[in-house]
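First comes the structure, then the notes that go with it.
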Amino acid sequence: MKNNLADDFFKIMIDDADTAILYAEPSASNAVNVKEYRPKYANRKGQRFFGITLDNCESETLDDLVHYDEVLILANKVLETGEDENFNIIVREEASILNYHIRIRIFNKGLLFALTLVKPKFISDKDSKLPLGNLESRNRELEISNLFGIRVLDSNDSIISYLKPVFDNKGKIEDFRIVYINNRMGEIANQETAFIEGKTILEYYPENDENGVLEILADGYASGENKEYTKEFIFDKESVWLTTKAIKMNDGLILFSKDVTQEKSYEAQLFIQNRLLSEAEHVANIGSFRWNLAKDQIKYSDNVYRLFGYDPNEFDNKYDRLLTFLHPNDLEKVKSSFKEARKTKSKIDLVFRVYTKSHELRYMNTIGECYQKEDNWYMVGVIRDVTKQIEAESVLQIKNTELKRTNADLEAFNRVASHDLQEPLRKIQMFVSRLDEEEEGRLSNRSQGYLSKIKYSSDRMRKLINNLLSYSKIDEVGEQPKRVDLNDVLKNVLEDLGESINDLNAQVDSVSLPVVNGIQFQLEQLFANLIGNSLKYVKEGVQPNIKILGSIVSGEKSSVENLLPSINYVKLQFIDNGIGFEKKYEEKIFEIFQRLHGKTEFSGTGLGLSICKKIVQSHNGTIMAKGEKDKGAEFTVYLPTLL
């Protein structure tokens with residue numbers, strides 16, 4: 001009776017104790033790991049802490065019941081050494097973080113676990129100078145303090161988590177259990193943290209094995225070294241990049257993870273932009289550089305290396321290495337220019353020669369400007385291969401020299417034509433005129449015919465020389481183009497040709513003409529030559545009829561070649577009902593000295609339309625002709641408009 005009473009009394013004391021007690025024995029005689037132990041007894045607090053009842057306590061192993069890996073690890077250590085283990089663990093219960101002191105010892109045939117909640121130590125009322133408070137108010141103060149700590153962690157922009165290692169039977173880390181994680185993770189993954197806590201990292205995100213996260217954390221835990229890594233995770237089909245720092249703390253790892261998705265996006269955009277810039281440099285045959293003027297190192301773009309015939313980063317980025325590529329005659333010029341730019345922080349624009357990797361001589365142009373950043377001076381600029389440009393300029397200089405020589409010859413010809421050729425011609429005409437007057441009536445008909453041919457040829461020679469002078473001087477006009485009303489031009493030309501128009505009883509009709517930018521006397525010569533042509537090549541027995549039309553056309557919509565699409569043109573049409581010409585002469589008719597008829601049929605030198613073409617071209621326009629034999633001709637002129 002006494003023994004039963006003592007047992008009941010002892011059981012009541014154990015059940016009502018503040019300490020959680022669990023006793024476990026091996027499930028088999030050969031069990032060597034505490035995970036194979038099964039509970040045999042647990043008091044009320046032990047049942048509540050481990051989540052078991054007296055009915056099912058012997059049906060599950062400690063591996064199923066204990067969710068704190070360090071407890072199992074140290075329990076195994078007790079089995080190996082036979083010595084007691086005393087340690088603390090942090091447990092999160094609802095909104096509180098609690099600190100438990102655990103003692104594990106060998107008892108009878110198994111292990112005895114005793115867990116005591118560590119009560120916080122308070123400063124005495126005397127020391128703290130606070131009003132005297134009871135135990136309930138102090139507990140409330142502790143709860144508020146714990147809640148405040150949780151909220152501080154939850155308000156952090158980083159994901160903060162605490163992991164405990166999970167070991168296999170051989171003592172190797174096979175996973176990590178998520179003991180704590182703040183709400184920031186829930187915001188990113190769109191999940192409640194309660195759903196995440198308690199799981200292992202492989203249970204929650206199985207890809208942690210493939211992406212190397214598990215291996216990194218295991219190495220950090222084993223070595224005690226801090227680990228940093230950046231990985232991509234997929235949460236709710238959204239890509240999230242996290243940069244994580246893992247620090248070993250007590251028997252676990254604390255992880256600080258920062259969301260760098262936006263930075264990764266910028267990084268990807270920057271990569272694309274740099275790639276496009278690199279491709280653009282390659283196409284444009286240029287490269288770029290950035291030089292810290294306080295140092296001798298220059299950062300080149302990939303294409304700078306290619307310009308010198310090398311692969312990217314094939315030669316070092318020292319300033320002295322750049323000088324080794326220079327042509328000896330350009331070395332001092334380049335050194336002094338860069339020295340002055342570094343000293344005065346001025347802009348540099350320099351052309352120099354270099355030898356490439358294949359010993360090919362190339363011309364390079366570098367343009368650089370200096371700027372200051374954080375008390376350091378830098379030079380940024382471009383290097384471009386201008387070999388083709390230099391060679392083209394050399395060819396152009398040769399052509400210019402030849403052109404100057406040709407122009408000099410042309411000027412000499414003009415002097416000869418205007419003086420040396422015309423002076424003898426004037427004397428011939430003068431003596432022929434005197435001979436005709438003095439010998440009038442005394443010359444035979446044959447001699448008189450010869451004299452008439454001399455007069456005709458000399459007159460034609462004079463007209464030819466004058467036309468040649470006009471043709472050669474079209475591009476030498478010193479007058480600047482200005483606003484010209486083509487109606488005034490037509491009026492002046494019709495007055496000059498009035499006698500011929502009356503003699504032929506010609507009909508000249510015109511619409512109101514636009515305004516152009518040009519040189520008036522040349523435009524009058526253009527109109528005079530085109531209308532004069534229509535008056536010259538008339539069909540016998542038919543009244544000459546000349547129409548002059550004017551309109552504005554778009555260069556973009558016109559099918560005419562040589563018109564710029566970005567501007568509008570004045571379209572002028574000179575249409576007559578004369579003898580016309582065959583289609584095959586539409587281009588040839590503008591060639592110099594080109595005549596479609598014999599000298600005895602129609603007067604002229606063969607320069608009139610050539611002069612028209614040159615005037616139109618000097619006004620940045622174009623001229624075309626079309627005709628049909630015995631049905632008339634049409635000349636169309638396009639001149640840029642002021643509109």
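Rule-based calculations on the coordinates, nothing more; no lab input. Because the structure is predicted, anything quoted here is derived from the model rather than measured. Heads up, the Cβs are rebuilt from the backbone with ideal geometry, glycines too, and the neighbour counts pull from every protein chain shown.
At an R0 of 35 angstrom, the distance between the Cβ atoms of E207 and E60 translates into a FRET efficiency of 0.70.
Karplus-derived 3J(HN,Hα) values for region 11-26, using 6.51 cos²θ - 1.76 cosθ + 1.60 with θ = phi - 60°, are 5, 4, 4, 5, 5, 8, 5, 6, 9, 7, 10, 9, 10, 9, 10, x Hz; glycine and proline are entered as x. Per-residue 3J(HN,Hα) values for region 626-633, derived from phi via the Karplus relation 6.51 cos²θ - 1.76 cosθ + 1.60 with θ = phi - 60°, read 8, x, 9, 4, 6, 10, x, 9 Hz in sequence order (x marks Gly and Pro). Listed by chain and number, the lysines placed with their C-alpha closer than 17 angstrom to that of K404 are K473; residues fewer than eight positions away on the same chain are left out.
To the nearest 0.05, what FRET efficiency results for E369 and E391 with a Förster distance of 30 Å applied to their C-beta separation? Please report the intermediate quantities before stating the final value.
Numbers: r = 28 Å, r/R0 = 0.93.
For R0 = 30 Å, the calculated efficiency reads 0.60.
Quick one: length gained pulling E634 to K583 fully straight, 0.36 nm per residue minus the C-alpha distance?
That works out to 17.2 nm of additional length.
Backbone geometry of region 197-203 corresponds, through the Karplus equation with coefficients 6.51, -1.76 and 1.60 at θ = phi - 60°, to 3J(HN,Hα) couplings of 4, x, 7, 8, 5, 7, 5 Hz, x marking Gly and Pro. Ignoring lysines fewer than eight residues from K164 along the same chain, the ones with Cα atoms less than 21 angstrom from its Cα are K35, K77, K172, K199, K227, K231, K245, K248, K258. Label sites at N376 and R48, each approximated as a point 7 angstrom past Cα along Cα to Cβ, lie 6.3 nm apart.
Near the amide H of F167, within less than 5 Å, lie the amide hydrogens of E174, all on another chain or at least 5 residues away, with H placed in the peptide plane.
Find the all-direction average of the projected area of the Cα convex hull for region 156-259, expressing the result in square nanometres with one decimal place. It would help to have the intermediate numbers written out before the result.
Values: hull surface 24.6 nm².
Mean projected area for region 156-259: 6.2 nm², to one decimal.
Taking amide H as placed 1.01 Å from N in the peptide plane, T200 has its amide H under 5 Å from the amide H of I178, each at least 5 places away in sequence or on another chain. Proximity of backbone amide H atoms, modeled 1.01 Å from N, is registered between Y41 and Y23 at under 5 Å, excluding neighbours fewer than 5 places apart on the same chain.
Cross-link pairs exceeding 23 Å between alpha carbons, from the set K491/K626; K588/K626; K453/K631; K295/K335: K491/K626; K453/K631. Length gained on full extension, I398 to Q429: 6.7 nm, using 0.36 nm per residue less the C-alpha separation.
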